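No value in this document is a laboratory result; all are computed from the given coordinates. Since this is a predicted model, take the numbers as computed values, not measurements. Heads up, the Cβs are rebuilt from the backbone with ideal geometry, glycines too, and the neighbour counts pull from every protein chain shown.
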Amino acid sequence: MHSQHGLEGRKPNADEPISEAIAAAVCRMWQFVPGDTQAAPYMAPHLGGFPLVWQNANSEVHHAYAKTSGGKAYAVNCRPTAGWIAAGANGWTVEQSLDGVPAIVRLR
């Protein structure tokens, strides 16, 4: 992670609360998503078999992505529209969300 808008590669200082909060959120995300998921197969709604019930209208930027790892899928709905709730599709069931954020979920 690069603090100071990418100028420096270091841990944020205590006087950089926004950078510190972003670093903490990234750490929580990698505690939720196993590291080997990075090398797992990429999934998107347009490719078929996507683990979430999803359509373009569910995202303000019309994007959602997922990866599978060890019988689990990790999915994100980028900037979900108000009221959107994650639901499993194609045999997947939502197991948990990251910190109660419905846009980032683990499915089984």
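Under 14 Å from the Cβ of V94, count the other residues' Cβ atoms, weight Lys and Arg +1, Asp and Glu -1, and hand me the total.
Value of the local net charge: +2.
Loop-only check: which GluC sites (Glu not before Pro) in segment 1-106 are DSSP coil with at most 15 other Cβ within 10 angstrom?
E60
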### Task
Within 10 Å of each residue's Cβ, count the other Cβ atoms and sort T81, T37 from fewest upward.
T81, T37
